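Take a look at the structure set out below.
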Amino acid sequence: MNFNVLVNHAIFNKTVIQEILPNNPKFIGVVRYPLTHFKSVMNYFQKMLIPADEVGKYSMMERIIRFADDPNYYDGYNDKMKNSPDPYFHVRSVTHNFQAADFGLGRKEMDNPEEVEEFMADLKETFPFLLVMEYMQESLLLLKRKWCWDITDILFLQKNVFKYQNKNDPIPVKTAEKLLDWMSVDLQIYKWANATLWKEISKEKGFGEELTYYKSVNSLIGSYCKADIMLFRSVEAYKNPRITIPKLEIAGSPWNAPFSIELEDCKNLMRFEMAYTRLLQINQRPDLFDDSYYFKGNDGIRKPIKPAAKSSPQKVKPNLGRSAAEARVKYASAKRFKYIPPTPAPRRNSEEE
């Protein structure tokens, strides 16, 4: 069996991955500014990072400030992680250079300057550049150009974007300084990745114009897919064969040939990683996995399947609802997207100046 791409959660180990993907594979990684990443970690792993006697006492920002004042205590509190059967939590901290650990830096090496220097040198040699989450579309477009991909290879819809307390509030300066010191290797990686991204972009001709085009296409497809999925859910709920969902036709541009987006593409863009993993396992190893292994309701597309009621449910006529009906009208008039190059600004005569 041959692979084209291996994409999944993993702690990076170049030697092991090269055994799985021979013939000199290329590596992609993504980084995020350490402070915003820390906020996300505090929200996601809050049950593991909050002592029992502090649960519900403090706001998110108060917890961040308290953590920065004594990171070893709160990070060392991870009894649930230490006792977890998952070895993933035994080899690293989720707050102390979490991203560096993903790239393969060991927990014991993080506080050794020589080990960190060697790690950074290996990282720069292995990854010519890293995607930067704060500039994801710029990063993907650069990746497309570097690897000779097509625009259809870098289309995406945002998922796993959570709302939580104090998410967009600035962290106090002194607290931020303490946290960045705690995550010093992550900060090194981010600074290098960000500088490298913009250095490489500066070498690309016409990058800004293509970026504007890419953002407009990706935004349109996002709106189209949300409308499609809304209709799909309504249609699938009642198996209404009379409703058809038109394709979205994208005209050619200086950077890509014409292409179209349909419901199946939207479903793939909406599917979550665990559902995708299970679907790939079914396709690749039908001898081990059958269709029942794929769970509907966790793919971001279909609503979870509810147990059948004991009494016979009353039949209800299909009702697409106002929002779905409006979506049909809105995107019926936007079924075709055509690239129109920007009009150059007229030159001013010297007399006018």
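The values are calculated or read from the model by the stated rules, or taken from the named source; none is laboratory data. Everything numeric in this text was worked out from a predicted model, so none of it was measured. All Cβ positions, even for glycine, are placed from backbone atoms using ideal geometry, and neighbour counts span all protein chains on display. Heads up: the accessible areas ignore ligands, DNA and RNA and are worked out on the full protein's heavy atoms, side chains in. Shrake-Rupley method; radii C 1.70, N 1.55, O 1.52, S 1.80 Å.
Packing around the peptides 48-55, 249-256, taken as the average count of other Cβ atoms within 10 Å per residue, puts them in this order, highest first: 249-256, 48-55. Each peptide in 136-145, 24-33 gets a packing score, the mean of other Cβ atoms within 10 Å over its residues, and the list from highest to lowest is 136-145, 24-33. Between amide H atoms placed 1.01 Å from N, distances below 5 Å from GLY29 occur with LEU131, all of them 5 or more places distant or on a separate chain. Model label points for ALA251 and GLU125, set 7 angstrom from Cα along the Cα-to-Cβ axis, are 5.0 nm apart. Checked against a 32 Å cut-off, the cross-linked pairs LYS14/LYS57; LYS57/LYS226; LYS39/LYS267 give Cα-Cα distances beyond that limit for LYS14/LYS57; LYS57/LYS226. Converting phi to 3J(HN,Hα) with the Karplus coefficients 6.51, -1.76 and 1.60 and the offset θ = phi - 60°, the stretch 127-137 yields 10, x, 7, 10, 5, 10, 4, 5, 10, 5, 5 Hz in sequence order, with x at every glycine or proline. Post the alpha-carbon centroid distance, the stretch 18-35 to the stretch 257-287, in whole angstrom. Computed from Cα coordinates, the inter-centre distance equals 22 Å.
Element breakdown for the stretch 112-192 at a 1.4 angstrom probe: carbon and sulfur atoms account for 50% of the accessible area. Look at where the Cα atoms of the stretch 128-178 and of the stretch 90-123 average out, and the two centres are 21 Å apart. Amide H contacts of SER260 (H built 1.01 Å from N, in plane; Pro and chain starts excluded): ILE250 sit under 5 Å, all sequence-distant by 5 or more or on other chains.
A simple rule links phi to the HN-Hα coupling: the Karplus curve 6.51 cos²θ - 1.76 cosθ + 1.60 with θ = phi - 60°, which for the stretch 201-208 gives 5, 5, 8, 8, 7, x, 5, x Hz, with x for Gly and Pro.
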